[in-house]
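Colleague: Sharing a structure with you now.
The values are calculated or read from the model by the stated rules, or taken from the named source; none is laboratory data. None of these values were measured; they are calculated from a predicted model. In this analysis, Cβ positions are derived from the backbone assuming ideal geometry, glycine residues included, and neighbour counts consider all displayed protein chains. For the accessible areas, the whole protein counts, side chains as well, though only heavy atoms, and no ligand, DNA or RNA atoms are used. Shrake-Rupley method; radii C 1.70, N 1.55, O 1.52, S 1.80 Å.
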Amino acid sequence: MSSRKRVAIVSVIQETNTFAASTSTFEDFVSQGLWLGEEISALGMGLNIEISGSIAEIELLGHEAVPIVRAWAMSGGILAANDFDKLLAITVQQLDSSGHIDGMILHLHGALVSEIDVQADAGIVEYFREQFGANFPIVVTHDLHANLSKRLVHAATAVIGFRTYPHIDQAETGIRAAQILNKCFREIAEISTVLKKLRVVIPAEAQATSEHPMAEIRALADSFVRDDILDISLFPVQPWLDVPELGFGITVTHRGSILKAERAASLILQKFWELLPDFQLEMFSMDNAVTTALINHGSWPIILVQSSDSPTSGSTGDDGNLVQYLTNYPQPMKAITTLVDGAAVKRSKAHGIGEEISLTIGFSLDRRWGEPFKITGIIKAYGDSPVTLEGPVMTGQIISMGSWVRIAIVNGCQILITERPAPTFDPSAYHHVGVSLKDQQIVHVRSALLFKSGYEGFYEKYFVLDLAGPSTANLKALHFQNIKHPTIPFDEGTFAFEELIDE
Ligand SMILES: [Zn+2]
């Protein structure tokens with residue numbers, strides 16, 4: 001038998017927020033570019049995404065990479081059942097026409113919920129396990145915000161995840177997956193993954209992996225990775241997921257050393273438990289944050305973080321609370337803010353650059369958090385070309401924000417209104433529409449934490465705003481109905497570590 005193997009590479013990625021206002025659809029993937037077969041290498045190589053790493057490394061290891069599908073959508077609400085089926089059908093069809101396959105790398109977010117399966121990623125892995133049989137190697141990669149499921153770990157040969165948040169190691173994760181798959185081909189000892197979970201959820205804003213306390217937990221995990229322990233991945237989970245098996249997960253991928261792997265996972269989970277009081281997040285009122293930003297004497301702007309309505313966390317990006325506050329602010333300022341409102345963009349396009357326009361904007365998709373409001377300003381620019389990300393997260397990936405318009409208000413605040421969410425976690429969104437960030441006092445981002453790597457060196461400080469919304473950091477304000485009890489922070493009282501272990 002040839003030692004050169006043919007490896008199918010599949011990437012189907014969306015993060016679900018079950019509190020989001022609307023259902024996600026197949027169109028959400030198509031609008032961001034759904035690539036098949038040869039297109040994947042042509043469009044994806046060189047980008048900091050998982051497939052570029054796994055394709056390159058599979059070839060480097062002497063195998064043949066067979067790219068199948070790359071489907072990526074911005075985070076959103078629960079995926080329509082038919083549209084999930086459509087994605088899987090396209091994948092299967094492409095795979096069927098790709099010839100014999102010896103193994104598979106599956107890049108999945110790990111927090112995808114469909115209308116009929118709260119663990120839709122697991123459904124994908126189970127499908128291929130059934131098709132290819134028990135001994136076929138399947139290595140799965142996940143986002144660090146995945147909600148790991150026993151079903152998925154059971155169906156996969158091995159499961160690993162990003163090590164960083166902000167996620168700057170996406171291609172690197174693809175490389176690690178290829179190396180583990182290569183070991184599955186070459187070694188006699190059985191490779192598998194152990195999963196341990198604790199029913200504890202922490203705000204995404206407090207999960208930065210280069211900072212205390214996540215950095216200490218990562219360092220402990222790294223200290224176990226040697227000999228038969230091939231990989232340890234931490235999954236602090238994105239918290240806006242009202243599903244039964246919710247919690248902080250750890251995977252340990254090992255070579256025939258299940259006891260050693262389980263022991264390492266338990267020790268790391270205990271370390272997380274010890275450090276839990278340190279996962280603190282300070283939040284600010286709009287008043288406090290804006291006043292402070294306007295007296296900032298540094299040379300870079302202050303970032304106002306509206307993580308409660310972050311499209312990379314599944315929100316719609318149409319919450320106008322901060323936009324309204326800034327555009328009505330009585331003092332002059334230099335600020336750039338953003339909002340999704342497709343109808344407002346369309347109306348603006350009937351006017352020329354330099355013309356004055358009055359619009360009613362805001363809360364056009366998710367009406368639960370406020371009322372539409374009026375603005376009057378001058379149209380500065382519009383367009384419909386997509387943004388190429390320039391920061392270290394998904395570097396080079398092209399994101400469509402649909403049509404957009406930039407309007408200047410008399411107090412100096414500018415608004416970028418878009419049809420689809422602007423990727424404000426990356427400075428390219430504002431650069432793309434002609435805004436110089438250095439000239440601003442205030443920059444509005446709709447992102448929990450991803451923005452920190454993109455804007456590194458370009459801001460003085462950031463303030464997380466205490467606002468309501470489907471991706472708020474104030475988790476207890478959301479109505480969780482399906483989680484198991486007790487789960488921290490939703491259940492009051494003092495709990496022992498053992499009570500929170502999800503067996
Ligand atoms: Zn993530």
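Colleague: What does the charge add up to near Gln306, with Lys and Arg as +1, Asp and Glu as -1, over the other residues with Cβ less than 9 Å from its Cβ?
Modeller: -1
Colleague: Dividing the convex hull volume of the alpha carbon atoms of the chain by its residue count, what do you get in Å³ per residue? Spell out each step's value before the answer.
Modeller: Values: hull volume 69.3 nm³, N = 503.
Per-residue hull volume (Cα only) is 138 Å³.
Colleague: Under a 5 Å amide H to amide H cut-off, with H placed in plane at 1.01 Å, what residues pair with Val66 once short-range neighbours are removed?
Modeller: Val7, Ala8, Ile9
Colleague: Roughly how tilted is helix 81-96, in degrees to the nearest 10 and between 0 and 90, from the longest Cα axis of the chain?
Modeller: Rounded to the nearest ten degrees, it is 50.
Colleague: When you take every Cα atom in segment 85-142, what is the radius of gyration, and what is Dmax, the widest Cα pair distance, in Å?
Modeller: Computed over the Cα atoms of segment 85-142, radius of gyration and Dmax are 11.6, 33 Å.
Colleague: Next question, about the same structure. If I fit a long axis through the Cα atoms of helix 214-224 and take the longest principal axis of the Cα atoms of the chain, what angle between them do I get, 0 to 90°, rounded to 10?
Modeller: Computed tilt is about 10 degrees.
Colleague: For segment 211-264, which trypsin sites (Lys or Arg not before Pro) are both in a DSSP coil and crowded by at most 13 other Cβ atoms within 10 Å?
Modeller: Within segment 211-264, the qualifying trypsin sites (Lys or Arg not before Pro) (loop, at most 13 other Cβ atoms within 10 Å) are Arg226.
Colleague: How big is D, in µm² s⁻¹, for segment 446-503 by Stokes-Einstein at 20 °C and 1.002 mPa s if Rh is the Kirkwood radius over C-alpha pairs?
Modeller: Once the numbers are plugged in, D ends up at 147 µm²/s.
Colleague: Next up: Would you mind computing Rg(Cα) / (2.2 N^0.38 Å) for segment 180-330, counting N as its residues?
Modeller: Details: Rg = 20.8 Å, N = 151, 2.2 N^0.38 = 14.8 Å.
Cα Rg divided by the expected 2.2 N^0.38 Å: 1.41.
Colleague: Calculate, in whole percent, how much of the Cα-Cα pair population of segment 136-187 lies beyond 18 Å.
Modeller: Above the 18 Å cut-off, segment 136-187 has 33 percent of its Cα pairs.
Colleague: So, one more: Which one, His351, His297, Leu281, is farthest towards the positive end of the dipole of segment 260-399 when Lys and Arg carry +1 and Asp and Glu -1 on their Cβ?
Modeller: Toward the positive end, the furthest listed residue is His351.
Colleague: While we're on this one: Taking all pairs of different Cα atoms in segment 375-458, averaging 1/r and flipping that mean, what Kirkwood radius in angstroms comes out?
Modeller: With all distinct Cα pairs of segment 375-458 included, I get 13.2 Å.
Colleague: Still on this structure: Just reorder His63, His485 by solvent-accessible area, largest first, 1.4 Å probe, all chains present.
Modeller: The residues order as His485, His63, largest area first.
Colleague: Using a cut-off of 26 Å between alpha-carbon atoms, which lysines can reach Lys260, once sequence neighbours fewer than 8 places away in the same chain are excluded?
Modeller: Of all the lysines, those that pass the test against Lys260 - Cα under 26 Å, at least 8 places apart if same chain - are Lys150, Lys183, Lys196, Lys197, Lys271.
Colleague: How many angstrom lie between the Cα centre of segment 1-47 and the Cα centre of segment 394-464?
Modeller: The two parts, judged by their Cα centres, are 25 Å apart.
Colleague: Ok, one more. Just the ratio, please: alpha-carbon radius of gyration of segment 145-221 over 2.2 N^0.38 Å, N its number of residues. Don't jump to the answer; show the numbers that get you there.
Modeller: Values: Rg = 14.3 Å, N = 77, 2.2 N^0.38 = 11.5 Å.
Against the empirical 2.2 N^0.38 Å value, I get 1.25 for segment 145-221.
Colleague: Hey, what did segment 427-503 get for relative contact order, percent, Cα under 8 Å, at least 6 apart?
Modeller: Once divided by the residue count of segment 427-503, the mean separation gives 15 percent.
Colleague: For the chain, with every protein chain kept in place, what is the accessible area per residue (1.4 Å probe, Å²)?
Modeller: Value returned for the chain: 37 Å² of accessible area per residue.
Colleague: So what J values fall out for segment 438-449 if you push phi through Karplus, 6.51 cos²θ - 1.76 cosθ + 1.60 with θ = phi - 60°, rounded to Hz, Gly and Pro as x?
Modeller: Once θ is set to phi - 60°, the couplings for segment 438-449 become 4, 7, 9, 8, 10, 10, 8, 10, 10, 6, 6, 8 Hz.
Colleague: Measuring from centroid to centroid over Cα atoms, what is the spacing of segment 50-129 and segment 197-250 in Å?
Modeller: 23
Colleague: Got the relative contact order for segment 1-92 handy, in percent, Cα pairs under 8 Å and 6 or more residues apart?
Modeller: Once normalised by length, the contact order is 51 percent.
Colleague: Continuing with the same structure: Please report the net charge: other residues with Cβ closer than 13 Å to the Cβ of Arg368, K and R +1, D and E -1.
Modeller: -4
Colleague: Taking amide hydrogens as modeled 1.01 Å from N in the peptide plane, which residues meet the under 5 Å criterion relative to Ile13, leaving out close sequence neighbours?
Modeller: Amide H to amide H, under 5 Å and 5 or more residues apart or across chains, Ile13 pairs with Ala71, Trp72, Ala73.
Colleague: How much solvent-accessible surface does Thr23 expose, in Å² to the nearest 10, with a 1.4 Å probe and all protein chains in place?
Modeller: 70
Colleague: Under a point-charge model restricted to the Cβ atoms of Lys and Arg (+1) and Asp and Glu (-1), what is the dipole moment magnitude of segment 213-306 relative to its Cα centre, in debye to the nearest 20?
Modeller: Numbers: 6 positive and 12 negative charges, 57 e Å.
Its charge dipole is roughly 280 debye.
Colleague: Can I ask one more? With +1 on the Cβ of every Lys and Arg and -1 on the Cβ of every Asp and Glu, and nothing else charged, how large is the dipole of the chain about its Cα centre, in debye rounded to the nearest 20?
Modeller: 480
Colleague: Additional query: What are the ³J(HN,Hα) couplings of segment 130-137, residue after residue, when phi is run through the Karplus curve with 6.51, -1.76, 1.60 and θ = phi - 60°? Round to Hz, x for glycine and proline.
Modeller: After applying 6.51 cos²θ - 1.76 cosθ + 1.60, I find 5, 5, 9, x, 5, 9, 7, x Hz.
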